[in-house]
Amino acid sequence: MFLALLKFHADLAIGGYNERVKEEPVKRIGILTSGGDAPGMNAAIRAVVRTGIYHGYEMIGIERGYHGLIDDTMVPMNSRSVSEILQRGGTILKTARCTAFNSVEGVQRAVETLRRRNIDAVIVIGGDGTFRGAQDLHDAGVTTVAIPGTIDNDLGYTDLTIGFDTAITTVMESVSKLRDTSSSHERMFVVEVMGRNCGDIALFAGLISGAEEVIVPEMEFSLPEIAERVNKGMQGGKSHFIILVAEGATDPYEFTKELERLTQINTRLAVIGHLQRGGSPSATDRLLATRMGARAIEELRIGSSGVAIGLRGNVLTAKPIAEALAVRDRLSMELYRLAEILAR
Ligand code: ATP
């Protein structure tokens, strides 16, 4: 009866889906951050730990992503372990890319570590690679919940990932400074931003900082056409040009050289690089991380496993990780078109 009630509650909470109701209630929960770090990961850790403790769970911090499960490096966490981290960038648990985990033997070792430590469930915070690892753990019988933490915003099932808002704010602030010098020197700046194969950072940051052009991996571009638009803009009285280029779209060095050749305008390349990963998380990222962290614990309370927390509209969602990963990430054509309109 109790389990049936639990399941009913689960269906209510996650829109009719419940992958597995565990026979044994979860008592001890591990948490890890993996892949590239993202501002707001600490806020998520804090929310997970404190919500977990509130509901009577023991909380364990697993260090350096999946390495911590292979090497058995973990620390017990209490409320004080997560004091003063809400506003801090990076992740107090450290993060890493762990190739040793990407094998049957690696997953087996991780499962053995978890059994030895009596850890019943693992909450992971990271990007798509981290999610695949969580799916492997789930398939091996470990209860898992995944939280999207990556500056790239490259997970199609969720409107936002933790860290994205802070990253585009950093780009916006950098572009604002570059614009001053661009105007003074009548110079053009090509600004390379992160995002791997996803153009969201370039597109969103381009929109909020008034970039003249946004080059993203999802859309083809023509350098001669860009050069023509730049020349027309110059003739029309524009004194500055900012072109945002997503890292996965083209070689920014070649792009800059060729654009300078075609326009005959002094053109500089600015690579913002890892500055985009750091810094205190924005209000949006803190709130998102806090809500998602608490929801991850709620999912464990109702017996879910193998689920990914997401955001649609302003509503938190939980869906099977495999389903979440299968949703193709698409660039918003509406915003892309808007960026084109507003840049003229
Ligand atoms: P970001 O988007 O910031 O790069 P990410 O989570 O996608 O974050 P990855 O380096 O791709 O970062 O993955 C992080 C870790 O997840 C890897 O080091 C590895 O331990 C695990 N992982 C990645 N891909 C897989 C996979 N296919 N199967 C199992 N585990 C994986």
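Rolling a 1.4 Å probe over the protein chains gives ILE53 an accessible area of about 60 Å².
Ligands, DNA and RNA left out, the accessible area of segment 164-277 computed with a 1.4 Å probe is 48% carbon and sulfur.
The modelled label-to-label distance between TYR54 and LEU275, using points 7 Å beyond Cα along the C-beta direction, is 3.7 nm. Other residues within the sphere of radius under 12 Å centred on the Cβ of GLY40, judged by their own Cβ, net out at +2 (K and R +1, D and E -1). Only lysine pairs 8 or more places apart or on separate chains count here, and in the chain those with Cα atoms under 18 Å apart total 4. Every pair of different Cα atoms in the chain enters the Kirkwood calculation, which places the hydrodynamic radius at 21.2 Å.
When its C-alpha radius of gyration is set against 2.2 N^0.38 Å (N residues), segment 164-277 gives a value of 0.97. Starting from the Cα of ARG261, step 7 Å along the direction of its Cβ; do the same at ARG117; then give the gap between the two resulting points in nm. It is 5.4 nm. As a rough guide to protection, the peptides 232-238, 217-223 ranked by mean Cβ packing within 10 Å, highest first, stand as 217-223, 232-238.
At 222 nm, what value in deg cm²/dmol follows for the chain if DSSP H runs of at least 4 each add -39500 (n - 2.57) and the sum is divided by all its residues, to the nearest 500?
Values: 12 runs with 149 residues, N = 344.
Calculated mean residue ellipticity at 222 nm is -13500 deg cm²/dmol.
Taking amide H atoms as placed 1.01 Å from N in the peptide plane, the amide H of ILE162 lies under 5 Å from those of GLY149, THR150, each 5 or more residues away in sequence or on another chain. The peptide list 288-297, 183-192, put in order of mean Cβ contacts within 10 Å with the highest first, becomes 288-297, 183-192. On a per residue basis, the chain carries 44 Å² of accessible surface, using protein heavy atoms and a 1.4 Å probe. Helix 41-54 and the longest principal axis of the C-alpha atoms of the chain enclose an angle of approximately 20°.
Pairwise inverse Cα distances across segment 236-344, averaged and inverted, put the Kirkwood hydrodynamic radius at 18.5 Å.
The values are calculated or read from the model by the stated rules, or taken from the named source; none is laboratory data. This structure is a prediction, so every number in the text was calculated from the model and none was measured. Cβ: placed from backbone, ideal geometry, glycine included. Neighbour counts: every protein chain shown. Heads up: the accessible areas ignore ligands, DNA and RNA and are worked out on the full protein's heavy atoms, side chains in. Shrake-Rupley method; radii C 1.70, N 1.55, O 1.52, S 1.80 Å.
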